[in-house]
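Notes follow the structure.
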Amino acid sequence: MAITLRPALTRDRDAVVELIHQLNVFEADLTGDRRRDYGGAEGYYGELMQRLSQRNGRIILAVDDGVIVGAMGFSLDQDAAYMADSMRRHGTVTDLVVHENWRGRGIGRMLLAEAERLTRAEGLKRLIIGVLVANEKAERTYRSFGFEPYVAIMKKEL
């Protein structure tokens, strides 16, 4: 396995949409709120590209012998004014998916290392990623207000 990373190109659209579709189907079993049809993945791809273009972002691909086996959305973001200036700007992994046949081979870690590298290259000290969660301390508090667990934000100080 000789995985390489590269920026996504326009011609990679269909492969990225397929990965998004796989993720949607997988997460549908966890949350019950994801679309399982291909149109959901196509629609999300368009939304993702629009958001990334507004946030100095891009999609990074993991490629194995010409086959796209993973994709990561990455952007540079800025939090609200209440954040300390030194931490306000940060890198964000907006999406990360590895093809089901390539999972467990370290591809996700490679993509995350690239996100960390891109964040550091901008002189930033924080990388943020959202993840579906269960059984966290915050879940009890949010449930008491009528919320159900959905996404938690994790960070890695760099």
Task: Unmet requirement for Met154, which otherwise passes all of (1) within 28 Å of Gln50 (Cα to Cα); (2) at pLDDT 85 or above - done: (2)
Open item on the list: Please count how many residues of region 1-48 are surrounded by 11 or more Cβ atoms within 10 Å (Cβ to Cβ), within 21 Å of Ser75 (Cα to Cα) and touching a strand residue (DSSP E or B) at 6+ places or on another chain (Cβ under 8 Å).
Closed with: 11
Task: Qualifying positions in region 91-114 - in contact (Cβ under 8 Å) with a residue 24 or more places away in the chain, of a type in the set (D, E, K, R) and open to solvent by 40 Å² or more (accessible area, probe 1.4 Å) - done: Glu100, Arg105
Open item on the list: Pairs needed: first member in region 115-136, at pLDDT 90 or above; second member anywhere, of a type in the set (Gly, Ala, Ser) and open to solvent by 60 Å² or more (accessible area, probe 1.4 Å); C-beta distance under 8 Å; at least 6 residues apart or different chains.
Closed with: Lys125/Ser86
TODO: Of all residues in region 66-81, count the ones that are open to solvent by 50 Å² or more (accessible area, probe 1.4 Å) and more than 20 Å from Gly123 (Cα to Cα).
DONE: 2
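Report whether or not Val63 is modelled with pLDDT of 95 or more, exposed (fewer than 13 other Cβ atoms within 10 Å of the Cβ), over 16 Å from the mean Cα position of the chain (by Cα) and more than 20 Å from Arg120 (Cα to Cα). Steps first, answer last, please.
Working: modelled with pLDDT of 95 or more: yes; exposed (fewer than 13 other Cβ atoms within 10 Å of the Cβ): no; over 16 Å from the mean Cα position of the chain (by Cα): yes; more than 20 Å from Arg120 (Cα to Cα): yes.
When the stated conditions are applied, Val63 does not pass them.
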- [ ] Determine the pairs where a residue that is over 15 Å from Asp14 (Cα atoms), located within region 25-45, has a partner that is of a type in the set (Asp, Glu) with Cβ atoms under 8 Å apart, the partner being 6 or more residues away or on another chain.
- [x] Phe26/Glu100; Arg34/Glu27
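The values are calculated or read from the model by the stated rules, or taken from the named source; none is laboratory data. Everything numeric here is computed off the predicted structure, so don't read it as measured data. Don't worry about glycine lacking a Cβ; one is built from the backbone with ideal geometry, like all the others, and counts go over all protein chains shown. With ligands, DNA and RNA removed, areas are computed over all heavy atoms of the protein, side chains included. Shrake-Rupley method; radii C 1.70, N 1.55, O 1.52, S 1.80 Å.
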